[in-house]
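Asker: After the C-alpha coordinates below, expect a handful of questions from me.
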Amino acid sequence: MWKGVVTFLSFGKFMGGFFFHGWGGDGREEQLLEYVLENAERGNPQSVIQAVDEFARSGTWFMNVGEEKGRILDSSIAKKNPQLVLELGTYCGYSAVRMAANLKHPDSKLISLELTPHIADIARRIIDHAGLSSKVEVLLAPLSRQIDTIKSTLAKTNGQCFDFVFVDHDKDLYLPDYLLLKEKGLIDEGSVIFADNMGFPGSPKFWSYIQSHPQELETEVHKSAVEYISWIRDTVTVSTFHKL
Ligand SMILES: C[S@@+](CC[C@H](N)C(=O)[O-])C[C@H]1O[C@@H](n2cnc3c(N)ncnc32)[C@H](O)[C@@H]1O
(Lines give C-alpha, C1' and ligand atoms only; values in the text may rest on other atoms or scores of the structure.)
Protein backbone atom coordinates (compact mmCIF):
# COMPACT_ATOMS: atom_id res chain seq x y z
CA MET A 1 0.00 0.00 0.00
CA TRP A 2 2.64 2.58 1.11
CA LYS A 3 4.99 1.52 -1.71
CA GLY A 4 2.11 2.21 -4.14
CA VAL A 5 1.62 5.70 -2.70
CA VAL A 6 5.36 6.46 -2.83
CA THR A 7 5.53 5.13 -6.42
CA PHE A 8 2.61 7.39 -7.36
CA LEU A 9 4.37 10.44 -5.79
CA SER A 10 7.49 9.54 -7.77
CA PHE A 11 5.31 9.32 -10.91
CA GLY A 12 3.95 12.81 -10.06
CA LYS A 13 7.49 14.17 -9.71
CA PHE A 14 8.36 12.66 -13.10
CA MET A 15 5.25 14.10 -14.79
CA GLY A 16 5.97 17.56 -13.31
CA GLY A 17 9.59 17.50 -14.53
CA PHE A 18 8.54 16.18 -17.91
CA PHE A 19 5.84 18.82 -18.35
CA PHE A 20 8.09 21.77 -17.45
CA HIS A 21 11.43 20.91 -19.08
CA GLY A 22 11.26 17.48 -20.71
CA TRP A 23 12.92 14.48 -19.07
CA GLY A 24 16.71 14.39 -18.80
CA GLY A 25 16.75 12.18 -15.68
CA ASP A 26 16.91 13.13 -11.99
CA GLY A 27 19.36 10.56 -10.63
CA ARG A 28 16.81 7.72 -10.48
CA GLU A 29 18.31 6.14 -13.61
CA GLU A 30 21.80 6.01 -12.00
CA GLN A 31 20.23 4.44 -8.87
CA LEU A 32 18.54 1.84 -11.08
CA LEU A 33 21.85 0.97 -12.75
CA GLU A 34 23.50 0.53 -9.35
CA TYR A 35 20.62 -1.69 -8.16
CA VAL A 36 20.80 -3.86 -11.29
CA LEU A 37 24.60 -4.27 -11.07
CA GLU A 38 24.32 -5.27 -7.39
CA ASN A 39 21.24 -7.46 -7.53
CA ALA A 40 20.83 -9.03 -10.99
CA GLU A 41 22.85 -12.07 -12.06
CA ARG A 42 25.31 -11.14 -14.81
CA GLY A 43 24.44 -12.66 -18.19
CA ASN A 44 20.87 -13.44 -17.12
CA PRO A 45 18.26 -11.22 -18.89
CA GLN A 46 15.36 -12.51 -16.76
CA SER A 47 17.24 -11.61 -13.60
CA VAL A 48 17.89 -8.08 -14.99
CA ILE A 49 14.20 -7.61 -15.91
CA GLN A 50 13.16 -8.86 -12.47
CA ALA A 51 15.59 -6.48 -10.72
CA VAL A 52 14.33 -3.46 -12.72
CA ASP A 53 10.68 -4.33 -11.95
CA GLU A 54 11.51 -4.86 -8.25
CA PHE A 55 13.21 -1.45 -8.05
CA ALA A 56 10.38 0.27 -9.94
CA ARG A 57 7.77 -1.29 -7.63
CA SER A 58 9.66 -0.30 -4.49
CA GLY A 59 8.84 3.43 -4.67
CA THR A 60 10.61 4.99 -7.68
CA TRP A 61 8.50 5.11 -10.82
CA PHE A 62 10.15 4.42 -14.22
CA MET A 63 8.76 4.87 -17.72
CA ASN A 64 9.74 1.32 -18.76
CA VAL A 65 7.11 -0.58 -20.73
CA GLY A 66 6.72 -2.56 -17.47
CA GLU A 67 5.38 -6.00 -16.65
CA GLU A 68 1.82 -6.02 -18.03
CA LYS A 69 2.50 -4.30 -21.38
CA GLY A 70 5.86 -6.10 -21.44
CA ARG A 71 4.03 -9.43 -21.65
CA ILE A 72 2.08 -8.14 -24.70
CA LEU A 73 5.43 -7.10 -26.20
CA ASP A 74 6.92 -10.55 -25.47
CA SER A 75 4.04 -12.35 -27.18
CA SER A 76 4.14 -10.01 -30.21
CA ILE A 77 7.88 -10.68 -30.59
CA ALA A 78 7.31 -14.44 -30.21
CA LYS A 79 4.52 -14.36 -32.83
CA LYS A 80 6.55 -12.40 -35.40
CA ASN A 81 9.92 -14.08 -34.66
CA PRO A 82 11.79 -11.09 -36.16
CA GLN A 83 15.39 -11.00 -37.28
CA LEU A 84 15.75 -7.20 -37.32
CA VAL A 85 14.16 -5.00 -34.69
CA LEU A 86 14.15 -1.22 -34.24
CA GLU A 87 13.27 0.51 -30.98
CA LEU A 88 12.56 4.24 -30.78
CA GLY A 89 13.12 5.24 -27.12
CA THR A 90 15.64 3.05 -25.26
CA TYR A 91 15.45 4.79 -21.85
CA CYS A 92 17.32 2.47 -19.43
CA GLY A 93 17.22 -0.56 -21.73
CA TYR A 94 14.42 -2.49 -20.00
CA SER A 95 12.39 -3.19 -23.15
CA ALA A 96 15.57 -3.71 -25.18
CA VAL A 97 16.61 -6.49 -22.77
CA ARG A 98 13.07 -7.89 -22.84
CA MET A 99 12.97 -7.99 -26.67
CA ALA A 100 16.56 -9.12 -27.27
CA ALA A 101 16.16 -12.00 -24.79
CA ASN A 102 13.26 -13.26 -26.92
CA LEU A 103 14.98 -12.99 -30.32
CA LYS A 104 15.39 -16.57 -31.54
CA HIS A 105 16.68 -15.89 -35.05
CA PRO A 106 20.43 -16.76 -35.21
CA ASP A 107 21.39 -13.44 -36.90
CA SER A 108 19.00 -11.24 -35.00
CA LYS A 109 19.82 -7.63 -34.21
CA LEU A 110 18.09 -4.88 -32.26
CA ILE A 111 18.93 -1.25 -32.98
CA SER A 112 17.62 1.10 -30.30
CA LEU A 113 17.61 4.91 -30.44
CA GLU A 114 17.78 7.17 -27.38
CA LEU A 115 17.81 10.96 -27.29
CA THR A 116 19.65 11.60 -24.00
CA PRO A 117 23.34 10.59 -24.12
CA HIS A 118 23.87 9.80 -20.41
CA ILE A 119 20.69 7.70 -20.37
CA ALA A 120 21.91 5.85 -23.49
CA ASP A 121 25.12 5.03 -21.52
CA ILE A 122 23.09 3.64 -18.62
CA ALA A 123 21.08 1.51 -21.07
CA ARG A 124 24.29 0.14 -22.65
CA ARG A 125 25.58 -0.92 -19.21
CA ILE A 126 22.29 -2.60 -18.28
CA ILE A 127 22.15 -4.39 -21.65
CA ASP A 128 25.78 -5.47 -21.17
CA HIS A 129 24.99 -6.80 -17.67
CA ALA A 130 22.19 -8.86 -19.23
CA GLY A 131 24.76 -10.35 -21.64
CA LEU A 132 23.03 -8.94 -24.71
CA SER A 133 25.54 -6.37 -26.05
CA SER A 134 26.31 -8.43 -29.13
CA LYS A 135 22.64 -8.37 -30.18
CA VAL A 136 21.78 -4.77 -29.25
CA GLU A 137 23.21 -1.51 -30.56
CA VAL A 138 22.14 1.74 -28.87
CA LEU A 139 22.41 4.81 -31.14
CA LEU A 140 21.72 8.43 -30.36
CA ALA A 141 18.49 9.92 -31.72
CA PRO A 142 16.98 11.47 -33.76
CA LEU A 143 16.07 8.80 -36.28
CA SER A 144 16.38 11.25 -39.18
CA ARG A 145 20.15 11.59 -38.46
CA GLN A 146 20.78 7.85 -38.17
CA ILE A 147 19.26 6.60 -41.42
CA ASP A 148 22.66 5.99 -43.13
CA THR A 149 24.16 4.26 -40.06
CA ILE A 150 21.06 2.11 -39.73
CA LYS A 151 21.17 1.14 -43.42
CA SER A 152 24.83 0.13 -43.21
CA THR A 153 24.23 -1.88 -40.00
CA LEU A 154 21.33 -3.70 -41.68
CA ALA A 155 23.47 -4.38 -44.76
CA LYS A 156 26.04 -6.17 -42.53
CA THR A 157 23.29 -8.59 -41.47
CA ASN A 158 22.15 -9.00 -45.10
CA GLY A 159 18.94 -7.19 -44.24
CA GLN A 160 17.32 -4.09 -45.69
CA CYS A 161 14.43 -3.38 -43.39
CA PHE A 162 13.02 -4.04 -39.94
CA ASP A 163 10.60 -6.89 -39.25
CA PHE A 164 9.49 -5.31 -35.97
CA VAL A 165 9.49 -1.70 -34.73
CA PHE A 166 8.79 -0.76 -31.09
CA VAL A 167 7.70 2.89 -30.98
CA ASP A 168 8.08 4.29 -27.45
CA HIS A 169 9.68 7.77 -27.67
CA ASP A 170 8.31 11.31 -28.11
CA LYS A 171 4.55 10.90 -28.68
CA ASP A 172 4.54 13.79 -31.23
CA LEU A 173 7.10 11.85 -33.31
CA TYR A 174 5.22 8.54 -33.59
CA LEU A 175 3.60 9.56 -36.89
CA PRO A 176 6.51 11.49 -38.51
CA ASP A 177 9.02 8.74 -37.63
CA TYR A 178 6.68 6.00 -38.90
CA LEU A 179 6.29 7.94 -42.18
CA LEU A 180 10.08 8.38 -42.38
CA LEU A 181 10.63 4.61 -41.97
CA LYS A 182 8.09 4.00 -44.73
CA GLU A 183 9.64 6.63 -47.03
CA LYS A 184 13.18 5.26 -46.52
CA GLY A 185 12.10 1.66 -47.18
CA LEU A 186 13.05 0.59 -43.65
CA ILE A 187 9.77 -1.29 -43.19
CA ASP A 188 8.24 -3.73 -45.67
CA GLU A 189 5.16 -5.91 -46.19
CA GLY A 190 4.35 -7.64 -42.90
CA SER A 191 6.57 -5.49 -40.67
CA VAL A 192 5.01 -5.07 -37.23
CA ILE A 193 4.71 -1.62 -35.61
CA PHE A 194 4.14 -1.93 -31.85
CA ALA A 195 3.22 1.42 -30.23
CA ASP A 196 3.21 1.98 -26.47
CA ASN A 197 1.28 4.71 -24.58
CA MET A 198 -1.50 5.05 -27.14
CA GLY A 199 -3.96 5.45 -24.25
CA PHE A 200 -1.82 7.45 -21.81
CA PRO A 201 -0.52 10.02 -22.56
CA GLY A 202 -1.57 9.12 -26.13
CA SER A 203 -0.37 9.98 -29.60
CA PRO A 204 -3.48 11.52 -31.24
CA LYS A 205 -1.98 12.03 -34.72
CA PHE A 206 -0.67 8.43 -34.98
CA TRP A 207 -3.97 7.13 -33.57
CA SER A 208 -6.00 9.00 -36.20
CA TYR A 209 -3.60 7.85 -38.96
CA ILE A 210 -4.12 4.22 -37.89
CA GLN A 211 -7.87 4.71 -37.90
CA SER A 212 -7.92 6.40 -41.30
CA HIS A 213 -5.51 3.87 -42.94
CA PRO A 214 -6.87 0.44 -41.89
CA GLN A 215 -5.59 -1.26 -45.04
CA GLU A 216 -2.06 0.07 -44.63
CA LEU A 217 -1.90 -0.60 -40.88
CA GLU A 218 -3.96 -3.62 -39.85
CA THR A 219 -4.17 -3.01 -36.13
CA GLU A 220 -4.95 -4.88 -32.92
CA VAL A 221 -5.70 -2.72 -29.88
CA HIS A 222 -4.71 -4.07 -26.45
CA LYS A 223 -6.12 -2.42 -23.34
CA SER A 224 -3.68 -2.41 -20.47
CA ALA A 225 -2.43 -0.27 -17.57
CA VAL A 226 0.33 2.31 -17.15
CA GLU A 227 3.57 0.72 -15.98
CA TYR A 228 3.67 0.09 -12.22
CA ILE A 229 0.35 1.99 -11.65
CA SER A 230 -2.47 -0.46 -12.30
CA TRP A 231 -5.35 2.01 -11.92
CA ILE A 232 -4.29 4.38 -14.75
CA ARG A 233 -5.40 2.79 -18.00
CA ASP A 234 -3.24 2.64 -21.12
CA THR A 235 -3.45 1.03 -24.56
CA VAL A 236 -0.89 -0.46 -26.92
CA THR A 237 -1.44 -0.96 -30.64
CA VAL A 238 0.10 -3.74 -32.70
CA SER A 239 -0.10 -2.95 -36.42
CA THR A 240 0.91 -5.05 -39.41
CA PHE A 241 2.18 -2.88 -42.26
CA HIS A 242 0.87 -3.57 -45.76
CA LYS A 243 2.51 -2.08 -48.82
CA LEU A 244 -0.32 -0.68 -50.92
C1 LIG B 1 9.00 5.76 -22.47
S2 LIG B 1 10.74 5.92 -22.52
C3 LIG B 1 11.23 4.44 -23.31
C4 LIG B 1 11.08 3.23 -22.43
C5 LIG B 1 11.72 1.99 -22.96
N6 LIG B 1 11.27 1.68 -24.31
C7 LIG B 1 11.39 0.82 -22.06
O8 LIG B 1 10.25 0.34 -22.14
O9 LIG B 1 12.24 0.40 -21.27
C10 LIG B 1 10.99 7.16 -23.76
C11 LIG B 1 12.43 7.47 -24.07
O12 LIG B 1 12.47 8.09 -25.35
C13 LIG B 1 13.52 9.03 -25.36
N14 LIG B 1 13.30 9.94 -26.49
C15 LIG B 1 12.67 11.14 -26.53
N16 LIG B 1 12.69 11.63 -27.79
C17 LIG B 1 13.30 10.70 -28.56
C18 LIG B 1 13.60 10.61 -29.94
N19 LIG B 1 13.29 11.57 -30.80
N20 LIG B 1 14.21 9.48 -30.39
C21 LIG B 1 14.53 8.48 -29.54
N22 LIG B 1 14.31 8.53 -28.20
C23 LIG B 1 13.69 9.62 -27.73
C24 LIG B 1 13.45 9.65 -24.00
O25 LIG B 1 14.69 10.29 -23.68
C26 LIG B 1 13.12 8.45 -23.12
O27 LIG B 1 14.28 7.87 -22.60
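Asker: In nm, to one decimal, how far is the Glu54 label point from the Thr240 one, both placed 7 Å along Cα→Cβ?
Answerer: 4.0 nm
Asker: Let me ask something additional. From the alpha carbon gyration tensor of segment 31-155, can you work out the equivalent ellipsoid semi-axes (sqrt of 5 times each eigenvalue) and give them in Å, largest to smallest? Before the final figure, lay out each step's value.
Answerer: Values: eigenvalues 101, 57, 35 Å².
Those come to 22, 17, 13 Å.
Asker: Cα atoms only: what Rg and Dmax, in Å, come out for the chain?
Answerer: Radius of gyration, then largest Cα-Cα span, for the chain: 17.0, 52 Å.
Asker: To make sure I understand the rule: partners must be lysines, Cα under 22 Å from the Cα of Lys171, and not fewer than 8 residues away in the same chain. Which ones qualify?
Answerer: Of all the lysines, those that pass the test against Lys171 - Cα under 22 Å, at least 8 places apart if same chain - are Lys13, Lys69, Lys182, Lys184, Lys205, Lys223.
Asker: What accessible area per residue comes out for segment 94-230, rounded to a whole number of Å², with a 1.4 Å probe?
Answerer: Numbers: 6120 Å² over 137 residues.
For segment 94-230, the per-residue accessible area is 45 Å².
Asker: What percentage of the solvent-accessible surface of the chain, computed with a 1.4 Å probe over protein heavy atoms, is contributed by carbon and sulfur atoms? Please list the in-between numbers first.
Answerer: Working: 6200 of 11490 Å².
Within the chain, the accessible surface is 54 percent carbon and sulfur.
Asker: Same structure, new question: In vacuum, with every alpha carbon of segment 104-244 counted as one equal point scatterer, what does the Debye formula give for log10 I(q)/I(0) at q = 0.16 Å⁻¹? Two decimals, please.
Answerer: One equal scatterer on each Cα of segment 104-244 leads to -0.96.
Asker: Using a 1.4 angstrom probe on the protein heavy atoms only, could you order Arg124, Arg145 from most to least accessible area?
Answerer: Numbers: Arg124 90, Arg145 190 Å².
In descending accessible area the options line up as Arg145, Arg124.
Asker: How large is the charge dipole for segment 63-241, taken about the Cα centre, if only the Cβ atoms of Lys, Arg (+1) and Asp, Glu (-1) carry charge, to the nearest 20 debye? Intermediate results must be reported in sequence, preceding the final value.
Answerer: On the way: 19 positive and 24 negative charges, 49 e Å.
About 240 debye.
Asker: Tell me, what is the FRET efficiency for Leu179 and Lys156 to the nearest 0.05, using R0 = 25 angstrom and their Cβ-Cβ distance as r? Please report the intermediate quantities before stating the final value.
Answerer: Details: r = 26 Å, r/R0 = 1.04.
The value I calculate is 0.45.
Asker: For Ile232 and Thr149, compute 0.36 nm times the residue count separating them, minus their Cα-Cα distance, and round to one decimal in nm. Intermediate results must be reported in sequence, preceding the final value.
Answerer: Values: separation 83, 0.36 × 83 = 29.88 nm, distance 3.81 nm.
Taking 0.36 nm per residue and subtracting the Cα distance, the gain is 26.1 nm.
The values are calculated or read from the model by the stated rules, or taken from the named source; none is laboratory data. Being a predicted model, the structure only gives us computed values, none of them experimental. With ideal geometry, Cβ positions are generated from the backbone for all residues, glycine too; neighbour counts draw on all protein chains shown. For accessibility, only protein heavy atoms count, side chains too; no ligands or nucleic acids. Shrake-Rupley method; radii C 1.70, N 1.55, O 1.52, S 1.80 Å.
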